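Q: The structure that follows is given in the form of structure tokens.
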Amino acid sequence: SLAAFLILPHLSGRHPAVVMLHGCGGAFGKDGQLNARHQMWGEFLAEKGYVALMLDSFGERGLRQICTTPFAQRTLKEADRVADAHAALAYLRQLPQVDPGRVALLGWSHGGGVVLNAISHPAPPPGMPGFAAAVSFYPGCTARSQRADRFHPYAPLLLLMGESDDWTPAAPCQALAVTVAARGEPMQMVAYPDTYHDFDNPALKAKRVRREVPNGVHPGVGVTTAPNPQAREDAKLRVQAFLAEHLH
């Protein structure tokens, strides 16, 4: 079983909903509460009339974080969490506050990669609709862009990234988005100039090089995280508009 944190709108009735998937750092801070980014987004979505479900893929598996674990040594891969996303979708559809046909998927970094996996495969159970839309913040696209012929999103997909990201680079995602959109499939991407990984995290106050992270564009050198309040606010508006278009 998995734990999750539910944030409900104040209005009564049935609402569209969003499943949120954390990155390699997990869903919670050191105090056991949602970290600042997930709290901000959950409250933002609830204020806009969405039921927000922050899913914890780590706790019940005995993991705290996997950011400092090399890719080859990770016991939990992006593909392994697709079933988590579908379980959250099934859970939300049972809630009286949720319109079962209007559920989106949103994730960050490792969770953003899970979004790409989930939205490009038919969703179980057979005969049931999958997610109505998906948003992915700074996922890893390198392997996917090399096999773009296999990537077919079944629902509208929005990617939001920083052009300067040296943890999950933007260029492969841009190439993937161009190829997919050229086929007439519903994928779009926004890349923010001079912007790094975690740009939407309100807890970040300054640019930081995380040398303890072994993955990234330059393995062994570390990766950069930095806040960009302007990009964060723009991303919130874009997510709001995207969900309003595809969940209403």
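Q: Just ALA90, ALA72, ALA155 to compare: in a GNM of the chain, with alpha carbon springs under 10 Å, which one fluctuates most?
A: ALA72
Q: A further question follows. To the nearest 500 deg cm²/dmol, what mean residue ellipticity at 222 nm is calculated for the chain from DSSP H runs of n ≥ 4 alone, each contributing -39,500 (n - 2.57), summed and divided by the residues?
A: When only DSSP H runs of four or more count, the value is -8500 deg cm²/dmol.
Q: Now for a separate question. Which of the listed residues, LEU95, VAL178, ALA133, is farthest toward the dipole's positive end in the chain, when Lys, Arg count +1 and Asp, Glu count -1 at the beta-carbon?
A: LEU95
Q: Further, regarding this structure: Taking Cα centroids, how far is region 155-198 from region 28-72 in Å?
A: With region 155-198 and region 28-72 each reduced to a Cα centre, they are spaced 22 Å.
Q: At most 10 other Cβ atoms within 10 Å and a DSSP loop assignment: could you name the GluC sites (Glu not before Pro) in region 151-248 that fit?
A: Passing sites in region 151-248 are GLU212.
Q: Another question about this same structure. Of the listed values [x] 62, 42, 37; [y] 50, 46, 36; [z] 73, 62, 37, grab the one calculated as Cα extents along the principal axes in Å from the structure here.
A: So the structure-derived entry is [y].
Q: Additional query: Kindly work out what percent of the DSSP beta bridges joining two residues of the chain are antiparallel, to the nearest 5.
A: Antiparallel bridges make up about 25 percent of those DSSP assigns within the chain.
Q: State the Kirkwood hydrodynamic radius of region 27-169 in Å, one decimal place, computed from all pairs of distinct Cα atoms.
A: 16.2 Å
Q: Say the cut-off is 28 Å between C-alpha atoms; which of LYS30/LYS207; LYS48/LYS207; LYS205/LYS236 go over it?
A: LYS48/LYS207
Q: A follow-up question, please. Please list, in chain and number order, the residues 5+ apart from ALA3 or on another chain whose amide H is under 5 Å from its amide H, with Hs placed from the backbone.
A: Here the answer is ASP56, GLU60, since their amide H atoms fall under 5 Å of that of ALA3.
Q: OK, next. Tally Lys and Arg at +1 and Asp and Glu at -1 over the other residues with C-beta under 14 Å from the C-beta of ALA87: what net charge comes out?
A: For residues surrounding ALA87, the net value is -1.
Read the figures in this text as sums done on the coordinates, not as results from a lab. If you're wondering where the values come from, they're calculated on a predicted model, not measured in any experiment. Cβ atoms come from the backbone with ideal geometry, glycine included; neighbour counts cover every protein chain shown.
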